[in-house]
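Written out below as C-alpha cells is the structure these notes cover.
The values are calculated or read from the model by the stated rules, or taken from the named source; none is laboratory data. What you see is a predicted model, and the numbers here were worked out from it, not measured in a lab. Positions of Cβ are backbone-derived with ideal geometry, glycine not excepted, and every protein chain shown enters the neighbour counts.
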Amino acid sequence: MSAAFPLADADKCVKCALCLPHCPTYRVTKDEGESPRGRIALMQALATGALEASPRLAEHLDHCLACRACEAVCPAEVPYGKLIDAARVELRSRGYQEPWVARHFASHMRRPLRRRLLHRSLRLAQRLGLARLAERFGPAFLKRLLQLAPAVPPPKAWREHYAPRKSLGTEVSLFLGCVADMTQPQVSVAAIAVLNAIGIDVRVPQSQVCCGAMDQHAGRSAQASSLARDNLKAFGDGKPVLGTASGCLATLEDYPLIVGDDGVDLAYRAEDISSYLARNDIIPRIEFQPWKARVLVQQPCTLRNVLQGDEAVLKLLNLIPDLKVKALPASLGCCGAAGSYMLTQAQQADAFAEQFVDAIAAEQPHALVTSNVGCALHLGAALRRRGLEIRVMHPVELLAQQLPESMYRPGI
C-alpha cells in the first residue's frame with residue numbers, strides 16, 4: 001500500500017454518479033474508466049495494490065483534464081484535484097512518464113534561462129519565416145507548438161515597481177506566469193495600467209518563477225515543490241499577490257498541498273485580478289470609454305471550479321458602456337487546454353475546442369474574453385483553424401483599453 005496516496009480522501013467518494021454528466025471525457029466515451037468515480041476506483045486499487053500499474057490504467061488517469069468540474073458538484077466534497085495529482089505521482093514513481101514533449105516544455109518553463117532562450121528562439125524563427133517551414137516539415141511535437149503559438153512578442157523587461165500618479169498607499173505584487181509572460185505580456189501591462197489608474201502601487205518581484213502547475217499535475221512533486229518554495233521567497237513581503245492566469249492562481253492556492261503549512265500564507269494572499277478589481281470601490285466610479293461591440297466570455301475551469309471567480313469578470317465588463325457581454329454556456333465544459341493536455345492529448349483537446357468554436361461562430365462576437373493563458377492559446381488556435389478573425393482578450397486587457405485617456409499610461 002502506498003503511504004503517500006490520500007486514501008481517506010478517496011474513500012469519501014460514494015460512487016453516486018452525480019459527477020458523470022459534468023465530466024468531459026465521460027461524456028465523450030461513456031466509459032467508467034474515463035469518469036471521476038471510475039478513476040478514483042482505479043486510484044484506490046493502484047494505491048492498495050489491488051491493481052498493478054499498466055499502460056491502460058495510466059491512460060485512463062492521464063486522459064483526465066483535471067478540470068475539477070466533478071469537485072464543484074460533489075455532495076461529499078471529494079478533493080478530486082488532490083487525488084489525481086497524487087495518483088500521477090504514483091504512476092511516475094512506477095515508470096509511467098508524461099509524454100516527452102510535455103516534459104521538455106515544462107523543463108524550459110521552470111528554468112528562467114531556458115525559457116528566455118526558447119522565447120528568443122521562437123521569436124527569431126517567426127521573424128525569419130522558419131516557423132512556417134518547421135510547421136510544414138518538422139516533427140509532430142514542433143508542429144503542435146507552432147500551431148498553438150501566436151506571433152511571439154519581444155521579451156518584456158519588467159521594473160520592480162510601477163507607481164501610480166497618485167498613490168493611495170496600497171501595494172500589490174503581480175505574478176507574471178511563465179507561458180503568459182512569453183505569449184501575453186500585454187495582459188500584464190494592462191493589469192498594471194488598471195491598478196495604477198485606481199491608485200495602487202504594483203510590485204513585480206524579479207525572482208519569481210513558474211507557479212509549478214505543469215509539474216504538479218504531471219506528478220513531478222519534487223520539481224513543483226522547488227518552484228513553490230522559490231515563489232514563497234519572492235513573494236514573502238505579505239502583499240496581495242495578483243495574477244492574470246487563472247491556472248497559475250489555482251496552483252498558488254494549492255501551495256499548502258505542495259509544500260505543507262509553509263504555503264498557507266501565500267495561498268491566502270493569492271487572488272485572480274478580476275476578483276480583486278471587482279471588490280474595489282473606485283472601479284465602478286470610472287467613466288470607461290464606450291465600446292459598441294459584442295463580446296463572449298469563456299470561463300476557464302480553474303476560474304469557475306477552483307477560484308470561483310467567474311461572476312467577477314461579468315461584473316467588470318458590464319461597467320463598459322455600449323458593450324454587450326454574454327457568457328458562453330457552462331454546459332460546454334472544458335475547452336481542452338488543461339495545461340499540457342493540449343500538447344499530450346492533441347486530438348481530443350481539439351475536439352473539445354471545436355465545440356466552443358461552433359458556439360462562438362454562431363454568435364459572431366467582436367472578441368472572445370478569457371482569464372487563462374492556456375485557454376486563450378488553445379481557443380485562439382482553434383479559431384484560426386476555422387478561419388475566424390476574432391480577437392482573444394483578457395478581461396483586464398479590455399478594461400485597460402476602455403480606460404479614460406487621462407487615466408491610461410502607455411509605455412509601461
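Entry remark, region 179-209: residues being free of Cβ contacts under 8 Å to residues at least 40 places away in the same chain and of a type in the set (Gly, Ala, Ser) number 1 in total. Tell me which residues, restricted to region 276-293, are without any contact (Cβ under 8 Å) to a residue 40 or more places away in the chain and loosely packed, with under 14 Cβ neighbours inside 10 Å. Arg279, Asp281, Pro284, Arg285, Lys292 - these are the residues of region 276-293 that are without any contact (Cβ under 8 Å) to a residue 40 or more places away in the chain and loosely packed, with under 14 Cβ neighbours inside 10 Å.
Would a scan of region 99-111 turn up a residue that is assigned to a loop (DSSP other than H, G, I, E, B), hydroxyl-bearing (Ser, Thr, Tyr) and surrounded by fewer than 21 Cβ atoms within 10 Å (Cβ to Cβ)? Taking every residue of region 99-111 in turn, none turns out to be assigned to a loop (DSSP other than H, G, I, E, B), hydroxyl-bearing (Ser, Thr, Tyr) and surrounded by fewer than 21 Cβ atoms within 10 Å (Cβ to Cβ).
Across region 140-184, the qualifying residues are those that are polar (S, T, N, Q) and part of a loop (DSSP other than H, G, I, E, B), and the one among them that is farthest from Leu128 (Cα to Cα) is Ser167.
For region 160-184, the set of residues classified as among the hydrophobic types (A, V, I, L, M, F, W, C) and either surrounded by 12 or more Cβ atoms within 10 Å (Cβ to Cβ) or under 14 Å from Arg203 (Cα atoms) (or both) consists of Ala163, Val172, Leu174, Phe175, Leu176, Cys178, Val179, Ala180, Met182, listed by residue number. Go through region 1-48 and give me each residue that's closer than 24 Å to Ile258 by Cβ and among the polar types (S, T, N, Q). Correct list: Ser2, Gln44.
Residues checked against (1) buried (at least 21 other Cβ atoms within 10 Å of the Cβ); (2) outside the structural domain of Lys143 (by TED's automatic domain parsing); (3) over 27 Å from Asp254 (Cα atoms):
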| position | (1), (2), (3) |
| --- | --- |
| Val306 | yes, yes, no |
| Gly309 | yes, yes, no |
| Lys315 | no, yes, no |
| Lys324 | no, yes, yes |
| Cys334 | yes, yes, no |
| Ser340 | yes, yes, no |
| Gln345 | yes, yes, no |
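For region 219-244, residues that are under 19 Å from the mean Cα position of the chain (by Cα), part of a helix (DSSP H, G or I) and not hydrophobic (A, V, I, L, M, F, W, C) total 4.
Tell me which residues, restricted to region 340-366, are closer than 19 Å to Leu303 by Cα, of a type in the set (A, V, I, L, M) and in contact (Cβ under 8 Å) with a residue 60 or more places away in the chain. Hit for region 340-366 is Met342, nothing else.
Taking the numbered list (1) crowded, with 22+ Cβ neighbours inside 10 Å; (2) modelled with pLDDT of 95 or more; (3) among the small types (Gly, Ala, Ser) in turn, Gly219 passes all entries but (2).
Looking across Asp272, Asp265, one residue alone is at pLDDT 95 or above, surrounded by fewer than 23 Cβ atoms within 10 Å (Cβ to Cβ) and closer than 26 Å to Lys82 by Cα. It is Asp265. Filtered by the rule that a residue be in contact with a helix residue (DSSP H, G or I) (Cβ under 6 Å, 6 or more places away or on another chain) and aliphatic (A, V, I, L, M), region 148-173 gives Leu148, Val152.
Yes/no matrix, rows are residues, columns are (1) in contact with a Phe, Trp or Tyr (Cβ under 8 Å, 6 or more places away or on another chain); (2) of a type outside the set (A, V, I, L, M):
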position: Ala218; (1), (2): no, no
position: Ser225; (1), (2): no, yes
position: Ala228; (1), (2): yes, no
position: Thr251; (1), (2): no, yes
position: Tyr255; (1), (2): no, yes
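Within region 56-78, the set of residues being farther than 14 Å from Leu18 by Cβ, within 23 Å of the chain's Cα centre (by Cα) and either surrounded by fewer than 19 Cβ atoms within 10 Å (Cβ to Cβ) or among the small types (Gly, Ala, Ser) (or both) comprises Glu59, Ala66. Where residues in region 222-237 are closer than 27 Å to Pro395 by Cβ and modelled with pLDDT of 95 or more, which of them is surrounded by the fewest Cβ atoms within 10 Å (Cβ to Cβ)? Per the stated criteria, the residue is Ala234.
Answer yes or no: is there a residue in region 345-359 that is at pLDDT 95 or above, over 17 Å from the mean Cα position of the chain (by Cα) and at positive phi. There is no residue in region 345-359 that is at pLDDT 95 or above, over 17 Å from the mean Cα position of the chain (by Cα) and at positive phi. When the test is whether a residue is part of a helix (DSSP H, G or I) and either touching a Cys at 6+ places or on another chain (Cβ under 6 Å) or of a type outside the set (D, E, K, R) (or both), Gly260 passes it.
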